[in-house]
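These notes are about the structure you will find just below.
The values are calculated or read from the model by the stated rules, or taken from the named source; none is laboratory data. Remember, predicted model here, so these are calculated numbers, not experimental data. Every residue, glycine among them, receives a Cβ derived from its backbone with ideal geometry; neighbour counts consider all protein chains shown.
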Amino acid sequence: MTAQITQTAQVAPRGKPSLVDGWRDASTEAMRHLRILPRNPELIGFATIQPVMFVLLFVYVFGGAIQVPGFADYNQFLIPGIFAQTIVFGSSFTAVGLADDLSKGLVDRLRSLPIARSAVLIGRTFSDIARNALTFAIMLIVAFLIGFRFEGSLLGALGGTALMLAFSYSFSWIQAFVGLSVGSVEAANAASFIWMFPITFVSSAFVDPNSMPSWLQPVAEHNPFTRLANSARALYNGIDAGSNLWWCLFWIAAITVVFATLSIRKFSRVAG
């Protein structure tokens, strides 16, 4: 009888979680995901191989044929764009991870615990920032080996990196919505990438948009990813970012607010 009372007390709801409780729950959930990484080193390995291949292919295969006005060295133009693409592509782990948790019934088990509903999603997105930061560090080493340098200040370089991680965090909420909306891990993997390729390639990440067809130039110039690539490139090279920085901050805030709201509502319906 005593054991039954104790068990009941352990699972009893604690009421509406406070902000402190929600933050604690989200941190616990993030650490749960991060503890898995040492047991799956191939996850980091494969996540790093692709961006390193992009760097090497564009620098050594296309670099000699691409000329960008204002940049004598194509590396200084390309590498920030590759960094931005890699960080944004890393947000796909959110969709795949959530779809995997749903398929295994883990989300239902988490929902039965007395924790904040949003903590499951916030913890997942926080853990993906840490994974992206590790991937970025590996890429930065490769970039320095092939001749990339920070032409601007160290503060500008840190600001550019923080901006990319924040942009990736906003995209993680899009991916969270995708992962909660599809029916399988395979569908989440396909759905998380299919829309990111046109966003990243129809931009200023790899070439000057002025080299694109006239009808495509306005699309590339107003692409949120172009704002990110231009801002990071300016901060890394010590160039004035102009309005690109403010537009980038606007997109980060807008995407996060809209898709965090949609994802949390979707999570409540799906988990229920």
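Only one of the listed residues (A130, A166, A162) is modelled with pLDDT of 90 or more, under 23 Å from V258 (Cα atoms), under 11 Å from the mean Cα position of the chain (by Cα) and in a helix (DSSP H, G or I). That residue is A166.
Scoring A95 on the criteria (1) among the hydrophobic types (A, V, I, L, M, F, W, C); (2) closer than 18 Å to L262 by Cα; (3) at pLDDT below 85 leaves a single failure, condition (3). Of the residues making up the stretch 237-255, not a single one is within 18 Å of N75 (Cα to Cα), touching a Leu at 6+ places or on another chain (Cβ under 9 Å) and hydrophobic (A, V, I, L, M, F, W, C).
For the stretch 248-267, indicate whether the set of residues that are outside any helix (DSSP H, G or I) and crowded, with 16+ Cβ neighbours inside 10 Å is non-empty. Within the stretch 248-267 (the criterion being outside any helix (DSSP H, G or I) and crowded, with 16+ Cβ neighbours inside 10 Å), the answer is no, since none of the residues qualifies. Each residue in the stretch 98-127 was checked for being in a helix (DSSP H, G or I), touching a Gly at 6+ places or on another chain (Cβ under 7 Å) and at pLDDT below 80, and 2 of them qualify.
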